[in-house]
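S.K.: Let me begin by handing over the structure; questions about it come next.
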Amino acid sequence: SRMAPLSFLWMSLAAVATGEVSDIMARWSELRGTWALQVVLFSAAISFTLNITSFMANKSTSALTLAIASNVKQVSLIVMATFIFVTPVSPANATGILVVFLGSGFYTKVTLDEKERAKEEATRPQEENAVAKKALKAPPV
């Protein structure tokens, strides 16, 4: 896109202005002997892949669907962390978790019902046209 080079320029200027580049260069000999560069490059590749996947998903769904999926993912992570770290859940937290899951389930049902209704409406005129053609072809009695 046209914004990527401009974003790169601004982020590079910000990295230089905040001293990040000089800090990295000052510690380069120390960092070179570790996995730091590989970890940063792997993280960048994963982030790039995530962005591409998000753009592709946005083509086939809506922004609202992606936002709801993101909320469900976040709440699912919270629930898993709660079980893993044996963290107590307050009634307010449990209510929030329940609302997210019920809301996303309801949204999914409504979306699927609308798609099914649209499919039925799309096939209905074809069926009516087929019946009308048969009636025209039928010999008079």
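S.K.: Helix 63-84 sits at what angle to the longest principal axis of the chain, using alpha carbons and giving 0 to 90 degrees rounded to 10?
M.R.: 60 degrees
S.K.: Taking N as the number of residues in the chain, what is its Cα Rg relative to 2.2 N^0.38 Å? Before the final figure, lay out each step's value.
M.R.: Working: Rg = 27.3 Å, N = 141, 2.2 N^0.38 = 14.4 Å.
Taking N as the residue count of the chain, the ratio is 1.89.
S.K.: Where does the longest stretch of the chain lie that holds no chymotrypsin sites (Phe, Trp or Tyr not before Pro) found in a DSSP loop with 10 or fewer other Cβ atoms within 10 Å? Walk me through the numbers on the way to the answer.
M.R.: Numbers: sites that count: 35, 85.
Free of exposed loop sites, the longest segment is 86-141.
S.K.: Next question. Would you mind working out the magnitude of the charge dipole of the chain relative to its Cα centre, with +1 at each Lys and Arg C-beta and -1 at each Asp and Glu C-beta, to the nearest 20 Debye?
M.R.: Numbers: 13 positive and 10 negative charges, 103 e Å.
Dipole about the Cα centre, nearest 20: 500 debye.
S.K.: Could you work out the helix-only [θ] at 222 nm for the chain, with each DSSP H run of four or more residues adding -39,500 (n - 2.57) and the total divided by the number of residues, to the nearest 500 deg cm²/dmol? Mind dumping the intermediate values first?
M.R.: Details: 6 runs with 121 residues, N = 141.
After summing the helix terms and dividing by the residues of the chain, the value is -29500 deg cm²/dmol.
S.K.: Next question, about the same structure. What angle, in degrees between 0 and 90 and rounded to the nearest 10, separates the Cα long axis of helix 36-60 from the longest principal axis of the Cα atoms of the chain?
M.R.: It works out to around 20 degrees.
S.K.: Moving to a separate point now. Give the angle, between 0 and 90 degrees and rounded to the nearest 10, that separates the Cα long axis of helix 91-137 from the longest principal axis of the Cα atoms of the chain.
M.R.: Approximately 40 degrees, to the nearest 10.
The numbers here are math on the coordinates, done by the rules we state, and not lab data. In this text the structure is predicted, and so the values were computed from the model without any measurement. Cβ atoms come from the backbone with ideal geometry, glycine included; neighbour counts cover every protein chain shown.
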